[in-house]
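Step one of this worksheet: look at the structure below.
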Amino acid sequence: MIRKEYKTSLIKLGKFLVIFLIVDFTLGMISKQLFFSQETGKYARSTYAIQETNAKVLIFGSSHAHRHYVPEVIETEMQKSCYNAGAEGQQLLYHVALQKMIIKRMQPELMILNIDEDFLYHTKEAYDRLSDLHPYYSDYRDDLKPILGLQSKLVDFKLFFKGYQTNSTIMHVIRYYASPQLDYKGYRPLFGKVKPSKHINEEAQSKIEKGAEDIDQNFVAALHMFIATAKDHNIDLVFVTSPTYFTVDHSMNTSFNRIKAIAEKENIPFVDFFNDQQFMGKPTLFHDPSHLNNDGAKLFTKKLADQIKKFK
């Protein structure tokens with residue numbers, strides 16, 4: 001009697017698992033189809049960079065890359081096609097993954113990585129936001145597993161389920177179908193002028209620098225990997241910092257100093273626009289103290305293009 005009940009329970013469990021997997025597969029395929037049909041928004045931009053662009057110049061970095069580098073200006077000044085693959089809020093682990101997926105299909109002539117001074121400091125958000133890579137796992141498992149595995153050792157188990165790969169993207173799909181998010185070859189301009197205030201200035205100047213103990217070795221390894229991948233594929237690489245509204249002093253910033261040291265050791269050109277006199281304190285060029293507006297972005301991109309042409 002007990003054996004019969006045990007057998008019945010196993011059969012029911014088996015049926016449940018089969019139904020669950022069928023539902024997961026069906027919903028996963030539908031959501032994946034919706035995901036890859038997006039035409040605007042952050043996922044549409046990353047998908048385009050991975051699957052479609054053949055641009056000779058690619059931009060990588062966080063919001064400072066996404067909002068500051070104008071492909072149209074680079075194309076005019078350098079006579080090379082350009083796409084801005086910057087992603088707001090993303091840090092080095094994401095950029096390495098994106099670079100590896102792109103390289104699978106095409107090789108640009110030049111990659112520009114916008115450097116944030118705190119790139120090497122540990123942040124939980126840098127790991128959490130790697131979920132943006134989940135929808136690409138099925139097609140790029142070998143490239144993504146080492147990176148996503150830093151966040152969870154169960155990455156293969158979690159991403160076995162098709163629904164899990166895209167479950168956090170549905171609201172984005174709906175949002176951008178209802179209200180398209182326009183961009184210009186990946187670049188999204190900001191408009192308006194910064195409104196200076198004593199409070200903002202004091203806040204910027206009172207930032208507490210972290211020490212060597214806050215350096216995340218995974219981020220250091222990611223930076224080395226980004227460099228190595230570019231070199232292995234004979235792709236020129238340039239590190240750039242964006243202009244700042246206020247005067248900044250990063251002499252005690254362990255992360256920034258480490259990045260500069262790595263760039264020097266690896267012979268990577270480093271174009272530093274921090275404290276550039278043409279931008280500092282110019283409200284007509286900034287949307288907020290951290291981001292250039294469209295006028296500032298165009299001026300910055302032109303100045304950068306002029307600098308890069310001198311490297312040739």
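The values are calculated or read from the model by the stated rules, or taken from the named source; none is laboratory data. Remember, predicted model here, so these are calculated numbers, not experimental data. Every residue, glycine as well, gets a Cβ built from its backbone with ideal geometry; the counts of neighbours run over all protein chains shown. Surface areas here come from the heavy atoms of the whole protein model, side chains and all, with no ligands, DNA or RNA. Shrake-Rupley method; radii C 1.70, N 1.55, O 1.52, S 1.80 Å.
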Checklist entry - When you scan segment 144-262 for helices (runs of 4 or more DSSP H) that lie fully inside it, which ones turn up with 1 or more residues that are on the phi < 0 side of the Ramachandran plot, modelled with pLDDT of 95 or more and out of contact with any helix residue (DSSP H, G or I) (no Cβ under 9 Å at 6 or more places or on another chain)? => result 217-232
Checklist entry - Quick check: anything in segment 224-247 farther than 23 Å from Thr76 by Cβ, acidic (Asp, Glu), open to solvent by 50 Å² or more (accessible area, probe 1.4 Å) and in contact with a strand residue (DSSP E or B) (Cβ under 7 Å, 6 or more places away or on another chain)? => result no
Checklist entry - Pick from segment 35-62 the residues that are among the basic types (Lys, Arg) and not in a loop (DSSP other than H, G, I, E, B): which of them is most open to solvent (accessible area, probe 1.4 Å)? => result Lys42
Checklist entry - Only one residue in Ala97, Ala87, Ala55 is farther than 21 Å from Lys231 by Cα and either among the small types (Gly, Ala, Ser) or touching a His at 6+ places or on another chain (Cβ under 9 Å) (or both), so which one is that? => result Ala87
Checklist entry - If we scan segment 64-71, do we find a residue that is at pLDDT 95 or above, open to solvent by 10 Å² or more (accessible area, probe 1.4 Å) and under 18 Å from Leu190 (Cα atoms)? => result yes
Item to check | Odd one out for Thr26 among (1) at pLDDT 70 or above; (2) out of contact with any Gly (no Cβ under 8 Å at 6 or more places or on another chain); (3) open to solvent by 10 Å² or more (accessible area, probe 1.4 Å) | outcome: (1)
Checklist entry - Just for segment 274-293: of the residues that are under 23 Å from the mean Cα position of the chain (by Cα) and surrounded by fewer than 18 Cβ atoms within 10 Å (Cβ to Cβ), which one is nearest to Gln79 (Cα to Cα)? => result Phe274
Item to check | Single residue of segment 97-109 satisfying the filter (in contact with a strand residue (DSSP E or B) (Cβ under 9 Å, 6 or more places away or on another chain) and open to solvent by less than 10 Å² (accessible area, probe 1.4 Å)) that is farthest from Tyr43 (Cα to Cα) | outcome: Pro108
